[in-house]
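Following: one structure in structure tokens, then a few remarks.
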Amino acid sequence: MAAESRRLTIKRRVSRTFERGIVNRINRAMLHSGRLGDTYAVLETVGRRSGLPRQIPVANGLVGDTFWLISAHGRHAHYVHNLTANPRVRIGLGRDGELRWRSGTAHVLDGDDTLARQRQLGKGRLAYRLDAVLLRATATNLTTIRIDLDG
């Protein structure tokens, strides 16, 4: 058990470094320039320590007035720590080359079938399915988050 825990800790650290240093920077820049269309969105949480807004690119899981998010590292993800401390979040959705923001309330769904949720969200969306493959490859604890968007 301890060896598996150490392995997951190392995997999580390597994954975070790669995501922060390369993937998130590229995705954030492309999102703000309107180049990623509706494949990605921006999740904005409030930092649990700083109280400042924190933004991270995420796969676009918008379905009606609900935004579905799959966390690769479950409750170990920093943005999950933030939304657990303050569940009020904003989602930036790309439209016509700019981000349109919607507010909502986040809920961590520990008992949800995350793989089934990913398959459902990926139906008819090749880019989402490709992102899901990458997410699963780097994941240590897939966890579903439901964000109920305000009307």
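Per the Debye calculation on region 37-151 with a single equal scatterer at every Cα and no solvent contribution, log₁₀ I(q)/I(0) for q = 0.13, 0.14 Å⁻¹ amounts to -0.45, -0.53. The calculated FRET efficiency for ARG54 paired with SER5, based on their beta-carbon distance and R0 = 30 Å, is about 0.65. Gain on full extension, evaluated as 0.36 nm per residue between ARG88 and HIS107 minus their Cα-Cα distance, stands at 5.9 nm.
For region 123-145 and region 59-76, what is the separation of their Cα centres, given in Å? What the calculation gives is 10 Å, centre to centre.
Only the coordinates and a few stated rules stand behind these numbers; no lab work does. Computed from a prediction, not measured in an experiment: that's the story for all the values here. So basically every Cβ, Gly included, is an ideal-geometry build from the backbone, and we count neighbours across all protein chains shown.
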